[in-house]
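Enquirer: Please see the structure below; I have some questions.
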Ligand SMILES: Nc1ncnc2c1ncn2[C@@H]1O[C@H](COP(=O)(O)OP(=O)(O)OP(=O)(O)O)[C@@H](O)[C@H]1O
Ligand SMILES: [Mg+2]
């Protein structure tokens with residue numbers, strides 16, 4: 001029986017806000033102050049989500065709520081470049097890199113925002129509020145729906161900073177933008193960060209959102225990202241999550257999609273103590289498409305929870321979800337795919353698939369589709385599988401001389417390939433696949449110091465060069 | 001002797017399928033095994049290659065002078081035993097090229113050799129693809145995924161050609177092949193035939209044996225060999241069917 005834990009976090013959050021209100025709200029727009037006040041009263045009157053809530057039944061944050069966190073920490077001065085603090089595992093992939101350290105925008109010379117010649121704006125949320133108040137005000141907190149849970153309210157209340165991206169109408173951003181988020185403190189940090197990404201009409205953006213641990217200290221990341229994808233815009237969003245085993249993260253992404261827009265979101269969870277991804281997509285304009293995919297590779301006693309909500313509010317849209325996971329040891333997972341098709345959303349097609357491989361009899365997955373359909377001209381399908389590695393395929397490989405552990409690795413890697421094949425930037429795909437191989441072999445940086453097995457690290461495996469393209 | 005199987009009894013889930021099977025294969029020999037459906041031909045192949053769930057309850061399989069009853073499947077493969085599967089398995093997501101390269105290098109490692117340099121590997125692959133006339137685009141796809149029946153069988157022979165085993169067991173490699181593909185498969189097998197290698201060819205049709213001429217033909221029935229002869233036996237079976245053998249044996 002888990003011992004009964006006390007929720008001290010909620011009171012600490014409220015108290016922290018009360019005590020630091022003047023500092024926290026200095027320099028904020030009035031409208032933002034208002035939004036914070038509302039969040040404060042929401043948090044005062046409702047509990048942080050717990051496993052009594054239907055949507056949190058299988059993800060227990062009780063042990064997090066009972067911890068003492070460092071809530072506010074000051075931004076560090078930029079005295080080391082990101083490359084010195086953190087070696088990015090995504091090799092051979094060119095991107096415009098921006099970073100956040102302990103919840104603060106971290107940049108050379110304290111330059112808080114970058115305005116490119118073509119009109120692209122990337123920088124700190126704090127600064128964007130000052131320099132682009134109209135845009136900021138128009139979109140901030142506009143994508144989040146009402147009545148969200150307490151952690152989102154806590155984020156709205158306490159998030160000091162985050163990344164702001166504004167892509168003007170008709171701009172095709174050639175390079176990917178990469179956000180690298182890191183924690184480097186020894187104490188148990190609670191970091192709220194808030195991002196806002198706006199894609200104007202007919203624009204195009206590839207965004208890579210990396211959450212990394214660079215030490216083995218504990219922490220809790222509570223991230224909210226709001227994304228607005230205007231008419232006929234294209235977003236390719238990849239989230240890479242490689243956190244240490246004592247870090248937890250609740251990562252909520254809200255996307256509003258307008259007419260004929262197109263998004264692809266790939267959420268790749270390599271490692272992390274407890275990770276919950278909430279992906280909410282509102283299809284508000286006809287002719288839009290959303291492709292939402294995920295991979296999770298969990299072991300030890302890690303926990304992953306992917307909550308995907310797609311709201312088909314208008315006709316003639318399509319959505320497709322493919323989430324695949326490998327769970328080893330005592331790890332556990334949740335997949336909850338909620339598709340809502342409103343009364344007017346005729347000619348909707350919505351597809352959902354969740355496949356899992358359990359490598360051990362102690363690993364668990366709870367997978368649930370939830371379809372709510374009010375229109376009648378709808379093509380919907382969903383499926384979930386939970387299984388082991390294909391023994392026929394294993395024997396076939398072993399019959400060719402491939403050892404058992406290599407054969408298993410190849411199969412696990414192959415299992416994830418269906419998702420990675422959807423990453424349309426070749427260099428990025430190769431790099432992500434490479435990290436998956438490393439993870440499956442137990443060689444990914446953050447877990448290599450770990451004594452618990454992920455896999456056999458010194459096993460030579462000969463798929464380092466991808467010959468399939470020759 | 002390359003392969004020496006003595007009084008082999010094999011059970012699947014407690015049910016005895018091979019009931020005292022004997023077979024000796026010398027280097028350089030081709031043995032054909034024929035016999036009605038369900039008599040245990042594929043079971044024999046599984047037992048030799050070390051598939052899980054096929055329990056050897058008594059008797060032994062000796063290969064290159066070593067009893068291999070308890071060896072893992074990959075070790076047997078690395079010792080040079082190859083099976084062309086009756087039903088090749090599809091492995092989505094694993095590209096043919098990566099798969100065969102992993103296998104080639106695993107076998108080299110077993111022999112204490114360094115991985116094959118990429119250029120040499122590619123050259124060899126080109127050569128063997130041409131030998132079995134398989135299309136380049138197949139090796140770019142996932143292993144067997146979406147391959148036609150004939151393509152799957154050719155792919156088995158391609159892999160055999162790449163791995164150059166000492167003992168190859170072909171389990172109905174001819175079934176489902178058109179006459180041209182059959183010739184190609186035979187060409188692949190014959191090119192590997194040498195004084196050093198042995199073959200066990202499981203088939204239902206005499207036709208294949210026109211192209212891969214066997215030294216011996218055995219008839220298997222109810223878990224053991226009930227008749228052996230030269231290649232003429234295959235012709236006789238083609239003509240008369242199995243009833244005369246079943247009758248003889250059942251009495
Ligand atoms: N995994 C299994 N579980 C239970 N019974 C099995 C299994 N595999 C084979 N058998 C049984 O063993 C017997 C021999 O099967 P096997 O596949 O070896 O026959 P075969 O001679 O290869 O037949 P065919 O000519 O049709 O390929 C059959 O009765 C079959 O049903
Ligand atoms: Mg058979």
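The values are calculated or read from the model by the stated rules, or taken from the named source; none is laboratory data. Remember, predicted model here, so these are calculated numbers, not experimental data. All Cβ positions, glycine included, derive from the backbone under ideal geometry; neighbour counts span all protein chains shown.
Enquirer: If I filter region B:11-35 down to residues being in contact (Cβ under 8 Å) with a residue 60 or more places away in the chain and over 18 Å from the mean Cα position of the chain (by Cα), which single residue comes out as nearest to residue B:59 (Cα to Cα)?
Expert: In the first step, residues of region B:11-35 are kept if they are in contact (Cβ under 8 Å) with a residue 60 or more places away in the chain; the result is B:16-23, B:25-35.
Now restrict to residues that are over 18 Å from the mean Cα position of the chain (by Cα): B:16-17, B:19-20.
On the way: B:16: 13, B:17: 13, B:19: 10, B:20: 8 Å.
Going through the qualifying residues, I end up with B:20.
Enquirer: May I ask you to list the residues in region B:4-22 that are under 23 Å from residue B:165 (Cβ atoms) and within 16 Å of ligand 2 (Cβ to nearest atom)?
Expert: Taking region B:4-22 and keeping what is under 23 Å from residue B:165 (Cβ atoms), we get B:4-6, B:8, B:10, B:18, B:21-22.
Matches in region B:4-22: B:10, B:18, B:21.
Enquirer: Right, another one. Mind checking which residues of region B:81-97 are more than 12 Å from the chain's Cα centre (by Cα), assigned to a strand (DSSP E or B) and either at pLDDT 95 or above or surrounded by 22 or more Cβ atoms within 10 Å (Cβ to Cβ) (or both)? Write out each step before concluding.
Expert: To start, the set of residues in region B:81-97 that are more than 12 Å from the chain's Cα centre (by Cα) comprises B:89-97.
Okay, now just the ones that are also assigned to a strand (DSSP E or B), so B:91-95.
The answer is B:91, B:94, B:95.
Enquirer: Going through region B:127-164 one residue at a time, which ones are outside any helix (DSSP H, G or I) and surrounded by fewer than 24 Cβ atoms within 10 Å (Cβ to Cβ)? If you could, list the steps in order and put the result at the bottom.
Expert: Taking region B:127-164 first, the residues outside any helix (DSSP H, G or I) are B:132-135, B:141-148, B:164.
Result: B:132, B:133, B:134, B:135, B:141, B:142, B:144, B:145, B:146, B:147, B:148, B:164.
Enquirer: Does residue B:33 satisfy being closer than 19 Å to residue B:193 by Cβ and within 10 Å of ligand 1 (Cβ to nearest atom)? Let's see the steps before the verdict.
Expert: On the way: closer than 19 Å to residue B:193 by Cβ: yes; within 10 Å of ligand 1 (Cβ to nearest atom): yes.
It is true that residue B:33 is closer than 19 Å to residue B:193 by Cβ and within 10 Å of ligand 1 (Cβ to nearest atom).
Enquirer: A follow-up question, please. Consider residue A:136 carefully, then state whether it is in contact with a strand residue (DSSP E or B) (Cβ under 6 Å, 6 or more places away or on another chain) and outside any loop (DSSP other than H, G, I, E, B). Steps first, please.
Expert: Details: in contact with a strand residue (DSSP E or B) (Cβ under 6 Å, 6 or more places away or on another chain): no; outside any loop (DSSP other than H, G, I, E, B): yes.
No.
Enquirer: Let me ask another. Mind listing whichever residues of region B:44-61 are within 15 Å of ligand 1 (Cβ to nearest atom), closer than 12 Å to residue B:8 by Cα and either free of Cβ contacts under 8 Å to residues at least 40 places away in the same chain or more than 14 Å from chain A (Cβ to nearest Cβ) (or both)?
Expert: B:44, B:47, B:55, B:56, B:57
Okay, residues lined up against (1) within 14 Å of chain A (Cβ to nearest Cβ); (2) away from ligand 1 (no atom under 16 Å from the Cβ); (3) in contact with a strand residue (DSSP E or B) (Cβ under 8 Å, 6 or more places away or on another chain):
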{"residue": "B:137", "(1), (2), (3)": "yes, yes, no"}
{"residue": "B:140", "(1), (2), (3)": "yes, yes, yes"}
{"residue": "B:187", "(1), (2), (3)": "no, yes, no"}
{"residue": "B:227", "(1), (2), (3)": "no, no, yes"}
{"residue": "B:244", "(1), (2), (3)": "no, yes, no"}
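Enquirer: Any residue at all in region B:31-38 that is at pLDDT 95 or above, away from ligand 2 (no atom under 13 Å from the Cβ), away from chain A (no Cβ under 14 Å) and on the phi < 0 side of the Ramachandran plot?
Expert: Yes, the conditions are met somewhere in region B:31-38.
Enquirer: Could you count how many residues in region A:358-415 are surrounded by 19 or more Cβ atoms within 10 Å (Cβ to Cβ) and at the interface with another protein chain (Cβ under 8 Å from one of its Cβ atoms)?
Expert: Here the count works out to 17.
Enquirer: Turning to a different aspect of this structure: Considering only residues that are surrounded by fewer than 20 Cβ atoms within 10 Å (Cβ to Cβ) and in a strand (DSSP E or B), which ones fall in region A:154-179?
Expert: Hit for region A:154-179 is A:172, nothing else.
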